[in-house]
Amino acid sequence: MSGHTTDEKMTTGNTTVDFFRFVIPSILGLLAISSAGIVDGIFVGNYVGATALAAVNLIVPLYSVFFGICVMMLVGGAVIAGKALGAGDIRTASNIFTKSLTVIVIFAVIVASLAFIFAGDIAVFLGARGETLPLTTGYIRVISPFMLFMGLAYVLSYFARIDNAPNFALVGLLITALTNIVLDALFIKWWGWGVNGAAFASGIAYTVGTLFLMLRYIGSGARIRLIKPYGSWFELFRAAYNGFSEFINEMSGGLIIFVINWILITEVGNAGVAAFTIVNYILWLSIMVGYGTAEALGPLVSVNFGARKPERIAQFMKLSIGLAIVVGLFFAGILQVYPEALASVFISSDETTTLGLTLSIIAVIWPAFLFNGINITLSGYFTGMHAATQSAMIAMSRSLVLPLVLIVIFWKVFGLQGAFFAIPVAEMLTFALSVVLFYRATPQVMVNRDMAINSPAVGKLNMC
């Protein structure tokens, strides 16, 4: 009965209040969890140097592949769990949660073991050379044992939001972020542990955050709980297809960084990698706001989809697109007015070469901020509506196919600056695709289609 009351808050309450009740914790939570890498960059850049900053950035593709697969397994299952909760089926939601958690734990342990054993080989593959090779290798060896807690923190926080506890998830991720900041100051600034200190700080912070998030699932307020799993495990892997777009978003971001790092090492060396690291931190902040909006839409859209409430879904979409536009204008404006001040946060003033390269990249990449949030939000909408194909099309367009192709072409034709201009061009073209896909699959169209497929009459016809 209490479960039904909780779901009513998501399906009958004020849409604006519900939207911000989910979006604000989701955005702050993702900013908090992503701040681990950004804060590492600030401390490493200012207290260790540009070469160390480049070494940290070389590891980003490894993170991207790891989190990409975690998110793919998680989001697909979470959408099913959200729809089940909307229909009042708590047991199914708990079953999906248990299976998702189990799969993520097994995957994290395997990846962590391989990363620790082959740290040197992975560092070389990622582009580490000369001074950056021992730094990158050391970082991977230190962070790999903590990958289990990184995966767990993501699973526990995501399902807490599905279970109508966005503020609890936010607190857990804020604890993670604050712990990381304190430990970065201790390990890097005061104790001088360098890059390894950044890895220890992030790993310990994720461990502390995970332990806090576990409290949600042993308390009396949780509906989703660990249970003895039942039924076929293949349903989880089939559900992963619905999270494929999120995998593309995560993995492809690392792949793009890998390609750009390779171009920069070829053209200008470690100073170029450090410069792109700074720009990527700023870009990542904007993208995290988009992902935060998309993740908040997941529970709201999937639960209202299960409750057959297309008009509420449409209202949530208007709010989310409006937010994406405001955020995009804010970031683009800041980059145009205060580019040097932003870059100086990450490096000391005597790193003139790196600073100059950073400003030249910002000058061509800033239009991407106007479109990336809208594209990510529309991809999240399709995921929540179980429209995995459309979601994957947007994700692959903005973060994989178009950037990779355009980066290489523009680099060859226009030089180094052209490679960076390819990123906003890819976002603009994806925006056009996103608008077309949305107007062909509005909330009303999607709900009507789902009702037609799952109507009793259709069921009887199929049985015949």
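The values are calculated or read from the model by the stated rules, or taken from the named source; none is laboratory data. Please read these numbers as outputs of a predicted model, since none were measured by experiment. In this analysis, Cβ positions are derived from the backbone assuming ideal geometry, glycine residues included, and neighbour counts consider all displayed protein chains.
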Practice problem: Read through the list (1) out of contact with any Leu (no Cβ under 8 Å at 6 or more places or on another chain); (2) part of a helix (DSSP H, G or I); (3) modelled with pLDDT of 80 or more; (4) over 18 Å from residue 26 (Cα atoms), then give the number of the only condition that residue 228 fails. | Solution: (2)
Quiz item: Considering the range 378-399 alone, what residues qualify as being assigned to a helix (DSSP H, G or I) and buried (at least 24 other Cβ atoms within 10 Å of the Cβ)?
Solution: 378, 379, 380, 381, 382, 383, 384, 391, 394, 395, 398, 399
Self-check item: Residue selected from the range 130-142 under the condition of a type in the set (Val, Ile, Thr) and in contact with a Phe, Trp or Tyr (Cβ under 8 Å, 6 or more places away or on another chain), by the criterion nearest to residue 60 (Cα to Cα)
Solution: 140
Exercise. Only residues that are under 21 Å from residue 357 (Cβ atoms), among the small types (Gly, Ala, Ser) and either in contact with a strand residue (DSSP E or B) (Cβ under 7 Å, 6 or more places away or on another chain) or part of a helix (DSSP H, G or I) (or both): list them for the range 408-453, please.
Key: 418, 419, 422
Quiz prompt | Candidate set from the range 421-453 (those that are among the aromatic types (Phe, Trp, Tyr) and in contact (Cβ under 8 Å) with a residue 60 or more places away in the chain); member that is nearest to residue 332 (Cα to Cα) | solution = 431
Quiz item: If you check 360, 379, which single one turns out to be within 17 Å of residue 280 (Cβ to Cβ), small (Gly, Ala, Ser) and touching a residue at least 40 places away in the same chain (Cβ under 8 Å)?
Solution: 360
Quiz prompt | Flag if residue 402 is out of contact with any Pro (no Cβ under 7 Å at 6 or more places or on another chain), part of a helix (DSSP H, G or I) and surrounded by fewer than 24 Cβ atoms within 10 Å (Cβ to Cβ) | solution = yes
Practice problem: Give the range 312-355 a look and list any residue that's among the small types (Gly, Ala, Ser), assigned to a helix (DSSP H, G or I) and within 20 Å of residue 38 (Cα to Cα), or say none. | Solution: 328, 332, 341, 343, 344
Practice problem: Check whether at least one residue in the range 198-220 is in a loop (DSSP other than H, G, I, E, B), surrounded by fewer than 20 Cβ atoms within 10 Å (Cβ to Cβ) and touching a residue at least 12 places away in the same chain (Cβ under 8 Å), and report yes or no. | Solution: no
Self-check item: Filter result for the condition that a residue is of a type in the set (Val, Ile, Thr) and surrounded by fewer than 23 Cβ atoms within 10 Å (Cβ to Cβ), over 289, 259, 303, 279
Solution: 259
Exercise. Go through 426, 422 for me and flag whichever is farther than 14 Å from residue 252 by Cα and crowded, with 23+ Cβ neighbours inside 10 Å.
Key: 422
